[in-house]
């Protein structure tokens, strides 16, 4: 049998870290080659003897548990009354291991007053290092796509964020539990930014906010509605994520069709957003 080298063991450990494994199940490794100790049968009472009554043990008082992470996330999101307050609440939230593995909180970029809010999936490596969404290769492609219909980030043409504010290890796809945990922050973000229109970039954002099981190829190319925690409905266009377009250049035709649909909607509805409490 070939011996396992230390380099191979380190490579396996790095792979598990990239997959998100961040703790061991036991404090020490178990030697599973050792035989199990024989089971000892309980001693039977002697004939005629009265069996001993089990000692009464006072019930232990249950410790007061901290509120679950999902409840704390919803409470922090609901208490935020401005975008800076929401960012601070997300920075304080410690209910996700993603916070410990990420370099920076990636909140948002662009102009919230633009009336157009784009929501993606999660930060990548470049975004994690810079603390800004969509600044890597896929973000540069998105900027060029939006500029082709007259929307430029540096000119305040749109506002952009993600479902997750922290980068998942190895750029893996967010889990359903992670999405559900941060969804209250996203919905509150929409309420505070009050965009006239939403653009959902990719399947994770579209399926999460539209509460749909359909894939992005079925959801894209048409307008939907996203309902926030306050019961407000916001028009939302689902489209392909720019990272997918980099992997599948043939899909750029569908993405261009979605951009034209967005351009027509923006030109036809220049009205300001509804005022709070209206």
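Any residue at all in the range 259-268 that is out of contact with any helix residue (DSSP H, G or I) (no Cβ under 7 Å at 6 or more places or on another chain) and closer than 23 Å to residue 136 by Cβ?
Yes, the range 259-268 contains at least one residue that is out of contact with any helix residue (DSSP H, G or I) (no Cβ under 7 Å at 6 or more places or on another chain) and closer than 23 Å to residue 136 by Cβ.
Does the range 164-182 hold any residues that are surrounded by 20 or more Cβ atoms within 10 Å (Cβ to Cβ) and closer than 18 Å to residue 78 by Cβ, and which are they?
Selection gives 165, 181, 182.
Look through 144, 132, 99, 72 and report the one residue that is farther than 15 Å from residue 186 by Cβ and in contact (Cβ under 8 Å) with a residue 60 or more places away in the chain.
99
State yes or no: is residue 105 within 22 Å of residue 267 (Cβ to Cβ), in contact (Cβ under 8 Å) with a residue 40 or more places away in the chain and touching a helix residue (DSSP H, G or I) at 6+ places or on another chain (Cβ under 6 Å)? Please lay out each step first, then the result.
Values: within 22 Å of residue 267 (Cβ to Cβ): no; in contact (Cβ under 8 Å) with a residue 40 or more places away in the chain: yes; touching a helix residue (DSSP H, G or I) at 6+ places or on another chain (Cβ under 6 Å): yes.
So residue 105 fails the test.
Taking residue 203 as the residue in question, decide whether it is within 30 Å of residue 69 (Cα to Cα) and at pLDDT 95 or above. Spell out the reasoning first.
Details: within 30 Å of residue 69 (Cα to Cα): yes; at pLDDT 95 or above: yes.
Here the answer is yes, as residue 203 does meet what is asked.
The values are calculated or read from the model by the stated rules, or taken from the named source; none is laboratory data. Computed from a prediction, not measured in an experiment: that's the story for all the values here. Because the Cβ atoms are built from the backbone with ideal geometry, glycine has one as well, and the counts that use them run over all protein chains shown.
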